[in-house]
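**Q** The structure is given below, and queries will be raised subsequently.
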Amino acid sequence: MTRKGKHFVNFSPAISAKAAQAIRTEVRSWKLPQRSDKAIEDLSRMFNPIVRGWLRYYGRYYRSALYSPMRQLDRDLTLWAAQKYKKLRRHLRRASHWLARIRKRTPALFAHWQLSTRPGSAMGAV
């Protein structure tokens with residue numbers, strides 16, 4: 001029942017705010033920016049199965065609700081690139097553009113990169 005006494009008939013099968021926060025916390029716990037010894041392909045191999053599982057489970061009916069938690073992963077990848085490559089240090093915009101070029105060249109590298117509806121969109125723009 002709503003506040004006005006009517007029956008509530010809408011239901012959104014999207015990811016809950018609590019689950020989205022748990023995903024963001026999990027991504028932060030990976031400490032990607034501190035893994036500058038790894039290549040981007042290594043990071044993909046390490047974390048793609050987990051991300052793919054989230055996309056399949058939470059994105060079954062309402063995929064666009066996952067944009068926000070997946071943006072956290074892109075932010076961390078941007079920070080990783082800024083730590084790894086000297087040219088990108090202290091230039092987060094340049095690092096996000098670098099990541100967008102990688103994403104455009106190899107969209108299958110990370111599972112969440114295929115989530116976006118627009119092919120050239122940079123979900124992780126900082």
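The values are calculated or read from the model by the stated rules, or taken from the named source; none is laboratory data. Note that the structure is predicted; figures quoted are calculated from it, not measured. Glycine gets a Cβ as well: all are built from the backbone with ideal geometry, and neighbour counts include every protein chain shown. Note: areas computed on protein heavy atoms with side chains; ligands, DNA, RNA excluded. Shrake-Rupley method; radii C 1.70, N 1.55, O 1.52, S 1.80 Å.
**Q** Would you check the accessible area of residue 44, probe 1.4 Å, heavy atoms only, in square angstrom rounded to 10?
**A** The value for residue 44 is about 10 Å².
**Q** Ranked from the most accessible area to the least, with a 1.4 Å probe and all protein chains present, what is the order of 11, 110?
**A** So the residues, ranked largest to smallest area, are 11, 110.
**Q** On to the next question. Percentage of Cα-Cα pair distances in the range 17-90 greater than 21 Å, rounded to whole percent?
**A** Value for the range 17-90 (Cα pairs over 21 Å): 28 percent.
**Q** Further question on the same structure: Once you've got the GNM for the chain with C-alpha springs shorter than 10 Å, pick whichever of 67, 85, 58 has the biggest mean-square fluctuation.
**A** 85
**Q** Report, to the nearest whole %, how much of the accessible area of the chain belongs to carbon and sulfur atoms, 1.4 Å probe, protein only.
**A** Answer for the chain: carbon and sulfur cover 52 percent of the accessible area.
**Q** Calculate, for residue 62 and residue 17, the FRET efficiency according to 1/(1 + (r/R0)^6) with r their C-beta to C-beta distance and R0 22 Å; round to the nearest 0.05.
**A** Calculated transfer efficiency: 0.95.
**Q** Order 9, 51 by their accessible area, 1.4 angstrom probe, all chains in place, largest first.
**A** 9, 51
**Q** For the chain, go through all pairs of different Cα atoms, get the mean of 1/r, take its inverse, and jot down that Kirkwood value in Å.
**A** Computed over Cα pairs of the chain, the Kirkwood hydrodynamic radius comes out at 15.7 Å.
**Q** Suppose each label sits 7 Å from its Cα in the direction of the beta carbon; what would the residue 91-residue 109 distance come out to in nanometres?
**A** Computed distance between label sites residue 91 and residue 109 equals 1.7 nm.
**Q** Starting from the Cα of residue 86, draw a straight line to each of the lysines and keep only those under 26 Å, dropping any in the same chain fewer than 8 residues away.
**A** Here the lysines satisfying the reach criterion relative to residue 86 are 31, 38, 104.
**Q** For the range 28-118, what relative contact order do you get, as a whole percent, if you take Cα pairs closer than 8 Å and at least 6 residues apart?
**A** Normalised by residue count, the contact order of the range 28-118 is 36 percent.
**Q** Continuing with the same structure: Mind checking the full-extension length gain between residue 83 and residue 31? Use 0.36 nm per residue of separation minus the Cα-Cα distance, one decimal, nm.
**A** 17.5 nm
**Q** Per residue, how large is the accessible surface of the range 1-106? Use a 1.4 angstrom probe and give square angstrom.
**A** Counting only protein heavy atoms, the per-residue value for the range 1-106 is 70 Å².
**Q** Then there's this: Hey, can you list the DSSP H helices of the chain whose Cα span along the axis is 24 Å or longer and whose average Kyte-Doolittle score is at least -0.5?
**A** Answer set is 40-58.
**Q** So, one more: For the pair residue 6 and residue 46, how long in nm is the line joining their label points, each one 7 Å along Cα→Cβ?
**A** According to this spin-label approximation, the distance is 5.1 nm.
**Q** Identify, among 34, 48, 16, the residue whose Cα sits farthest towards the positive end of the charge dipole of the range 13-62, taking +1 on the Cβ of Lys and Arg and -1 on the Cβ of Asp and Glu, with the dipole about the Cα centre.
**A** Farthest towards the positive pole: 16.
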